[in-house]
Amino acid sequence: MQLPYFILVFVYGAIFGSFFNVVILRLPKNESLIHQSSHCPNCMTPIKAYDLIPIISYIFLGGKCRSCKHKISIRYPLIELLTAITLTFVFYRFGFSYESLIGFILTSVLIIVAMIDIDTMEIYDRFQIILLAIALLNLFISPLPILDHFIGFFIISIPFYIIAYLTGGIGGGDIKLIAIAGLLLGYQATLVAFFIASILGGCMAIYLLLTKQKDRKSLIAFGPYLCIGIYIAYLYGNQIFIWYLNFFS
Ligand SMILES: [Zn+2]
């Protein structure tokens with residue numbers, strides 16, 4: 001029975017998610033990640049350890065600071081929950097394996113990258129370097145031919161680069177992200193990642209245009225959609241690719 005392991009991964013996921021909140025909040029402001037305890041952004045009161053339990057504390061506090069009753073953003077428990085769920089799915093898919101280990105790191109980095117991209121429209125190179133490291137490690141354990149991984153590096157990044165060169169519509173961070181993720185995934189799953197990202201990004205763009213929250217000229221961060229696509233493709237990309245080929249044959 002694997003249930004205790006699933007619970008363990010979920011709990012650790014929520015704890016990691018709590019740390020990712022700190023990274024997402026402080027990194028763009030160049031604040032230290034460790035030398036400062038968490039405090040309420042409104043009244044600056046340090047938050048007690050028993051109020052820092054992921055997900056649970058937010059519910060018990062009713063989403064408000066204990067001292068000043070200032071509303072705490074629902075984003076914090078949501079990111080903790082998201083991390084817990086996505087890491088648990090990685091373990092569900094790969095069990096005790098190197099794939100799970102790489103999946104945990106990949107998922108963690110993607111969550112941080114996506115949230116910082118939403119906040120700042122930037123993808124930091126330090127995260128690309130972490131992804132490159134696991135992509136290279138993955139070459140040693142991948143069942144795919146090594147050529148598939150190298151094609152993956154170029155298959156979307158080159159069209160992106162050309163579009164960026166011609167229109168400036170795609171950021172350099174997105175190009176690097178899909179190149180490195182392509183190296184990790186192999187070209188089949190990279191196509192799936194791009195396909196998922198395009199559908200999600202397209203739907204969101206149409207929604208924002210229809211509800212007039214953005215006009216046609218304003219930029220929409222594509223990075224978060226790429227991150228979702230890469231995550232799903234890491235878990236099921238090759239299966240989706242084969243299913244797609246069979247669907248048309
Ligand atoms: Zn407060």
Quick one: length gained pulling residue 5 to residue 136 fully straight, 0.36 nm per residue minus the C-alpha distance?
44.4 nm
For 232, 151, what ranking results if the residue with the fewest other Cβ atoms within 10 Å of its Cβ goes first?
151, 232
Cysteines in the chain lacking a second Cys C-beta under 4.7 Å:
203, 227
Given a cut-off of under 8 Å on Cα pairs at least six residues apart, what relative contact order in percent is computed for the range 1-95?
43 percent
Please identify the trypsin sites (Lys or Arg not before Pro) of the range 151-228 that satisfy two criteria: DSSP loop assignment and at most 15 other Cβ atoms within 10 Å. Which are they?
212, 214, 216, 217
Binning at 5 angstrom from zero up to the longest distance, how are the C-alpha pair distances of the chain distributed in percent?
1, 6, 12, 16, 17, 15, 14, 10, 6, 3, 1, 0, 0
Calculate, for residue 239 and residue 33, the FRET efficiency according to 1/(1 + (r/R0)^6) with r their C-beta to C-beta distance and R0 51 Å; round to the nearest 0.05.
0.85
Using the 2.2 N^0.38 Å rule of thumb for compact globular proteins, work out how the range 1-103 stacks up: its C-alpha Rg over that value, please.
1.20
Quick one: compute the contact order of the chain, relative version, from alpha carbon pairs under 8 angstrom and 6+ residues apart, as a percent.
17 percent
As a check on your grasp of the helix formula, calculate [θ] at 222 nm for the chain: sum -39500 (n - 2.57) over DSSP H runs of n ≥ 4, divide by the residue count, round to the nearest 500.
-23000 deg cm²/dmol
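Just to confirm the filter: which trypsin sites (Lys or Arg not before Pro) across the range 46-96 are DSSP coil and have at most 14 other Cβ within 10 angstrom of their Cβ? Walk me through the intermediate numbers first.
On the way: sites: 48, 64, 66, 69, 71, 75, 93; in loops: 48, 66, 69.
Within the range 46-96, the qualifying trypsin sites (Lys or Arg not before Pro) (loop, at most 14 other Cβ atoms within 10 Å) are 48, 69.
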5 angstrom amide H check on residue 64, placed H, neighbours 5+ away
72
If we count other beta carbons within 10 Å of each Cβ, what is the order of 158, 129, 102, fewest first?
129, 158, 102
Pairing the Cα long axis of helix 98-120 with the longest principal axis of the chain, what angle in degrees results, from 0 to 90 and rounded to the nearest 10?
70 degrees
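Each reported figure results from applying straightforward, stated rules to the coordinates on display, with no laboratory input. All values reported here derive from a predicted model rather than from experimental measurement. Please note: Cβ atoms are built from the backbone with ideal geometry, for glycine as well, and neighbour counts cover all protein chains shown.
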